[in-house]
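Heads up, the thing below is written out as structure tokens.
The values are calculated or read from the model by the stated rules, or taken from the named source; none is laboratory data. Computed from a predicted structure; not experimentally measured. All Cβ positions, even for glycine, are placed from backbone atoms using ideal geometry, and neighbour counts span all protein chains on display.
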Amino acid sequence: MFPTRTARRGLGAALALLLATLLAACGGAEPKVDAAADTRTGAFPVTVEHKYGSTTIPAQPQRIVTLGLSDQDAVLALGHKPVGAVAWFGEEPFGKWPWVRTLWGAAPPTIVGERDEYNIEQIAALKPDLIIAQYSGMSQTQYDRLSGIAPVVAQPKGFEDYQAPWQDMTRAIGKALGQEQKADELIDGIADRFAKIRAEHPEFAGMTAVVAENYEPGQYTAFSPKDPKMIFMSEMGFTMPQALQQFIGTKNLVDFSAERLDLLEADRLVWLTGDAGTEPRIKADPLYQRLRVATEHRELFVPYDVPPIGAALSFNTVLSIPYAADQLVPQLAAAGKQQ
């Protein structure tokens, strides 16, 4: 399920409606985007810098292909509907997730690959005028080939693949679409949401947190501070335990055996589960049973898919963050209070 496995304020009424819907929506509420609003703002051509240099987009894009695993969310939030996208999380048909279901409507994109395996011929057949690959591991060779089809905006420069902040990726997409101001307004709306959470839960600022998973007995994975899931936690005030941070180093995630479960000691431990058997399997591990985070019931077991809390954390976009916050914040606040 992982790729590496891996204050400007709104000025217009339409944007105010968008932000109110995105940021105040709770549970399975579906955000709405005015697809006709603000889609022709900005002067073209525009030039966007990225990992492989810079790309100039000569005119307002009309046929967009997204090759980053979560790039479609920012594109949709800005009022555009990609004609092609890659598959992730078994998302076919697109529109599965509650935060984008209404935005895809009856016109899902053509699936042009899975993760970083792209079908170049299929992409060319869509006749795109812009290809976006922000949350991706696109190689130089892939970039060069795709640039022969359409302008390509590759991963943000200065970051390892899959480790760029969602804000940077959103801004790059907004610039490529000629909608920098609207992208900044969306980002500022999410920043306000996180500020509200920190104000309501000042205790989070003094807590450590870990996001982890377990796919087979005795084998565990923890995610780095630069992974989207931990970025989400940090924006609420949590920090990663120093010992785990040093153990991970510059990686996006780290795998280890049960003998190093001590690395997961934290004030909050968020387990992402893929099936019903994950939680009992973890709790049955004798070494896990010794951890204070377990004995004091400060761990959370949240599913990837039903409901899709883990998916929302992994996407960590302007559309998925409000959903993830609505679902996860109450659980984080309650953990450890009932023992």
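Worth a mention:
- Figure legend. Inter-residue proximity from segment 204-224: first residues outside the structural domain of Ser314 (by TED's automatic domain parsing) and at pLDDT below 95, second residues among the polar types (S, T, N, Q) and not in a strand (DSSP E or B), beta-carbon distance below 9 Å, spacing 6+ or different chains. No pairs are indicated.
- Against the conditions (1) farther than 22 Å from Pro225 by Cα; (2) crowded, with 16+ Cβ neighbours inside 10 Å, Thr295 satisfies every one except (2).
- Applying the criterion of at least 1 residues that are in contact with a helix residue (DSSP H, G or I) (Cβ under 6 Å, 6 or more places away or on another chain) and among the acidic types (Asp, Glu) to the strands (runs of 3 or more DSSP E) found wholly in segment 230-339 leaves 299-303.
- Number of the exception - Pro228 against (1) crowded, with 16+ Cβ neighbours inside 10 Å; (2) of a type outside the set (S, T, N, Q); (3) in contact with a strand residue (DSSP E or B) (Cβ under 9 Å, 6 or more places away or on another chain): (3)
- Any hit, segment 189-197, residues being among the aliphatic types (A, V, I, L, M), under 18 Å from the mean Cα position of the chain (by Cα) and buried (at least 22 other Cβ atoms within 10 Å of the Cβ): yes
- Output for segment 167-193, where each listed residue is of a type in the set (S, T, N, Q) and in a helix (DSSP H, G or I): Gln167, Thr170, Gln181
- Some residue of segment 98-117 being assigned by TED's automatic domain parsing to the domain that holds Ala183, of a type in the set (Ser, Thr, Tyr), surrounded by fewer than 19 Cβ atoms within 10 Å (Cβ to Cβ) and over 29 Å from Asp326 (Cβ atoms): yes
- Residues that are more than 20 Å from the chain's Cα centre (by Cα), under 30 Å from Asp71 (Cβ atoms) and either hydroxyl-bearing (Ser, Thr, Tyr) or crowded, with 17+ Cβ neighbours inside 10 Å (or both) do not occur anywhere in segment 255-267.
- Taken over segment 82-98, the criterion of being touching a helix residue (DSSP H, G or I) at 6+ places or on another chain (Cβ under 7 Å) and either among the hydrophobic types (A, V, I, L, M, F, W, C) or part of a loop (DSSP other than H, G, I, E, B) (or both) is satisfied by Pro82, Ala85, Phe89, Phe94, Gly95, Trp97, Pro98.
- Search result, residues across segment 275-292 that are in contact with a strand residue (DSSP E or B) (Cβ under 7 Å, 6 or more places away or on another chain) and either surrounded by fewer than 21 Cβ atoms within 10 Å (Cβ to Cβ) or modelled with pLDDT under 95 (or both): Thr278, Glu279, Arg281
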